[in-house]
Each structure stands twice: as C-alpha cells, then as structure tokens.
1. Please specify each residue of segment 58-68 satisfying the condition of being surrounded by 15 or more Cβ atoms within 10 Å (Cβ to Cβ) and assigned to a loop (DSSP other than H, G, I, E, B).
2. Mind counting the residues in segment 81-92 that are free of Cβ contacts under 8 Å to residues at least 12 places away in the same chain, surrounded by 12 or more Cβ atoms within 10 Å (Cβ to Cβ) and part of a helix (DSSP H, G or I)?
3. Checking LYS34 against (1) surrounded by fewer than 15 Cβ atoms within 10 Å (Cβ to Cβ); (2) among the charged types (D, E, K, R); (3) without any contact (Cβ under 8 Å) to a residue 24 or more places away in the chain, which test does it fail?
4. Going through segment 37-46 one residue at a time, which ones are surrounded by fewer than 17 Cβ atoms within 10 Å (Cβ to Cβ) and either touching a residue at least 24 places away in the same chain (Cβ under 8 Å) or not in a helix (DSSP H, G or I) (or both)?
Amino acid sequence: MANTPSAKKAVRKIARRTEINKTRRSRVRTFLRKVEEAIASGDKDAAQAALRAAQPELMRAASKGVFHKNTASRKISRLASRVKSVGVAATA
C-alpha cells in the first residue's frame, strides 16, 4: 500500500485514468464489432459506413495511449481490406 502522500495521489490518478481508458477501449470495441457485423452480413455500404465511423475512434484511442499507434493502423488496414473484399466475394 502507498505510504507517502505523493504515492497515494498517484494511486488516485491511476484509478481515474484506468476508468477513462476502460470506457475508451470499450467504445472502440463497439465500433469494431459494428464493422465485423456489417462484413458478416455482406452489406458493403453498411460496412464502409461502419469503417468510416470506426477509424477516428481507433486513432483517437491511439493518440490517447489506449492502443499503440501501429496497432490501430494495423486494425484499420486489415478491416479496410476485408470491407473492400465484401462485394467481390459475394459476386464471384
């Protein structure tokens, strides 16, 4: 347990930050799930719209330190390629 006043304050700050990061991570997961569901349904327009909504959320989380920048970029890139192939797989 923290003994010094500064350590006690650090514990309080970490608890507040953790709560904020948790909500941010949850929000990003919700946006990603919407993209995944649109891809699974085969609706290319809905998938593109969901991806456009998810991109800023992912990059915002990366800029706030919830995700690493490369992780967010990788997720966006992989989702974009999957969204792009939604219509192709259905017609081929």
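Values quoted throughout were computed directly from the atomic coordinates according to the rules given, and no laboratory measurement underlies them. Here the structure is a predicted model, which is why all the values come from computation and not from measurement. Positions of Cβ are backbone-derived with ideal geometry, glycine not excepted, and every protein chain shown enters the neighbour counts.
1. Within segment 58-68, the first condition is being surrounded by 15 or more Cβ atoms within 10 Å (Cβ to Cβ), and the residues that meet it are 58-62, 66-67.
Passing the criteria: VAL66, PHE67.
2. 1
3. Among (1) surrounded by fewer than 15 Cβ atoms within 10 Å (Cβ to Cβ); (2) among the charged types (D, E, K, R); (3) without any contact (Cβ under 8 Å) to a residue 24 or more places away in the chain, LYS34 violates only (1).
4. Within segment 37-46, the subset surrounded by fewer than 17 Cβ atoms within 10 Å (Cβ to Cβ) is 37, 40-43, 45.
Those that are surrounded by fewer than 17 Cβ atoms within 10 Å (Cβ to Cβ) and either touching a residue at least 24 places away in the same chain (Cβ under 8 Å) or not in a helix (DSSP H, G or I) (or both): GLY42, ASP43.
Conditions tested, residue by residue: (1) without any contact (Cβ under 8 Å) to a residue 60 or more places away in the chain; (2) in a helix (DSSP H, G or I); (3) among the charged types (D, E, K, R).
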{"site": "ALA2", "(1), (2), (3)": "yes, no, no"}
{"site": "LYS9", "(1), (2), (3)": "yes, yes, yes"}
{"site": "ARG16", "(1), (2), (3)": "yes, yes, yes"}
{"site": "GLN48", "(1), (2), (3)": "yes, yes, no"}
{"site": "ALA54", "(1), (2), (3)": "yes, yes, no"}
{"site": "ASN70", "(1), (2), (3)": "yes, yes, no"}
{"site": "LYS75", "(1), (2), (3)": "yes, yes, yes"}
{"site": "LEU79", "(1), (2), (3)": "yes, yes, no"}
